[in-house]
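What follows is calculated from the coordinates using simple rules that are stated; it is not laboratory data. Worth saying up front: this structure is predicted, and the values here are computed from it rather than measured. Glycine gets a Cβ as well: all are built from the backbone with ideal geometry, and neighbour counts include every protein chain shown.
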Amino acid sequence: MQFTIRIEYCPKCGWLLRAAYMAQELLTTFVDDIEGVLLQPSKVSGRYTIYINDNVIFDRKRMERFPEIKELKQLVRNEVNPDKDLGHSDSK
């Protein structure tokens with residue numbers, strides 16, 4: 001199965017750099033597991049939602065916070081390659 005991650009972010013809130021950083025981390029970590037990461041400016045204020053294909057894996061409004069990069073890598077790993085060792089991102 002092909003996996004594409006989409007980060008929908010609010011440009012008015014200035015969250016492009018946060019989205020770009022997370023995209024870079026995911027592309028580096030999952031180079032052999034994902035097709036790519038799409039950064040999508042949202043028309044909805046305050047939105048920061050992360051999808052794998054069309055499934056929401058993290059929603060800032062619902063969680064009332066942004067994901068930690070370690071947490072995000074674990075969420076992605078669990079969907080795209082459950083056997084992948086994330087090294088220090090797996091340590092508690």
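Charges only on Cβ, +1 for Lys and Arg, -1 for Asp and Glu: so what's the dipole of the chain about the Cα centre, in debye to the nearest 20?
That gives the chain a dipole magnitude of about 600 debye.
Calculated from DSSP H runs of 4 or more alone, at -39500 (n - 2.57) each and per residue, what is the 222 nm mean residue ellipticity of the chain, nearest 500?
The helix-only estimate for the chain comes to -9500 deg cm²/dmol at 222 nm.
Can you match semi-axes √(5λ) of the Cα gyration tensor in Å to one of these, (i) 22, 14, 12; (ii) 19, 16, 11; (iii) 28, 17, 13, based on a calculation from the structure here?
Given (i) 22, 14, 12; (ii) 19, 16, 11; (iii) 28, 17, 13, the calculated one carries the label (i).
Give the long-range amide H neighbours of Gln40: residues separated by 5 or more places, or on another chain, with amide H under 5 Å away, using H modelled in the peptide plane at 1.01 Å from N.
Ile7, Glu8, Tyr9
If I take every Cα pair under 8 Å that is 6 or more residues apart in segment 4-89, average their sequence separation and divide by the length, what percent do I get for the relative contact order?
Normalised by residue count, the contact order of segment 4-89 is 31 percent.
Have a look at the DSSP beta bridges in the chain and tell me what percent are antiparallel, nearest 5.
So the antiparallel bridges in the chain amount to around 60 percent.
Can you give me the long-range amide H partners of Arg47? Hydrogens built in the peptide plane at 1.01 Å from N, cutoff under 5 Å, separation of 5 or more residues or another chain.
It is Cys10, by chain and number.
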